[in-house]
Amino acid sequence: EVLERVRHKALNAYSNQDVPFERLVEQLNPTRSTAHQPLFQVMTAFQNNPMPVVAGFGGVSVTPLDASTRAAKFDLDIELAEVPGEDPSAPIAAGTITYATDLFDRSTIERLVGWFSRVVEAVVG
């Protein structure tokens, strides 16, 4: 039942994904502050698209690198990605959590990761 509700909400949100962000901010007219994002404080992303193969340019090779500023853009940012595991037919998820250190401490985030892991294990089970 919960998954069905989440699915329904996500599909409704996807139907509006072509709305420009600036228009959304203008319509909602949130109270602006440099202390936080105007529309949300928590972001979760799951990247399971294959990385594109970038060909070299005139004999120059290209190697993609992760570039992280290690600065929180949101109060809490959970990023997961599908990565190959030992069994190619069963990839695993790995990720990072970036958080505002004035709101969370490391032990709180570690507890959150533990709870999240238990929920994922229960869903998969």
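Throughout, read-outs are computed from the coordinates displayed, never taken from laboratory work. Because the structure is predicted, anything quoted here is derived from the model rather than measured. For neighbour counting, all protein chains shown are included, and Cβ atoms are generated from backbone atoms with ideal geometry for every residue, glycine included.
What about Pro91, is it touching a Gly at 6+ places or on another chain (Cβ under 6 Å) and either within 17 Å of Val124 (Cβ to Cβ) or exposed (fewer than 10 other Cβ atoms within 10 Å of the Cβ) (or both)? In short, yes.
When Ile78 is tested against the conditions (1) exposed (fewer than 10 other Cβ atoms within 10 Å of the Cβ); (2) in contact with a Ser or Thr (Cβ under 7 Å, 6 or more places away or on another chain), the lone failure is (1).
Condition check ((1) under 24 Å from Gly95 (Cα atoms); (2) surrounded by 10 or more Cβ atoms within 10 Å (Cβ to Cβ); (3) in contact with a strand residue (DSSP E or B) (Cβ under 9 Å, 6 or more places away or on another chain)) across all residues:
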position: Arg5; (1), (2), (3): no, no, no
position: His8; (1), (2), (3): no, yes, no
position: Tyr14; (1), (2), (3): yes, no, no
position: Gln17; (1), (2), (3): no, no, no
position: Arg23; (1), (2), (3): no, no, no
position: Gln27; (1), (2), (3): no, no, no
position: Arg32; (1), (2), (3): no, no, no
position: Gln37; (1), (2), (3): yes, yes, yes
position: Ala45; (1), (2), (3): yes, yes, yes
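Looking at region 104-125, which of its residues are acidic (Asp, Glu) and not in a helix (DSSP H, G or I)? If the condition is that a residue be acidic (Asp, Glu) and not in a helix (DSSP H, G or I), then Asp105 is the only one that fits. Restricted to strands (runs of 3 or more DSSP E) entirely inside region 1-103, those with at least 2 residues that are without any contact (Cβ under 8 Å) to a residue 24 or more places away in the chain and out of contact with any helix residue (DSSP H, G or I) (no Cβ under 6 Å at 6 or more places or on another chain) are 92-99.
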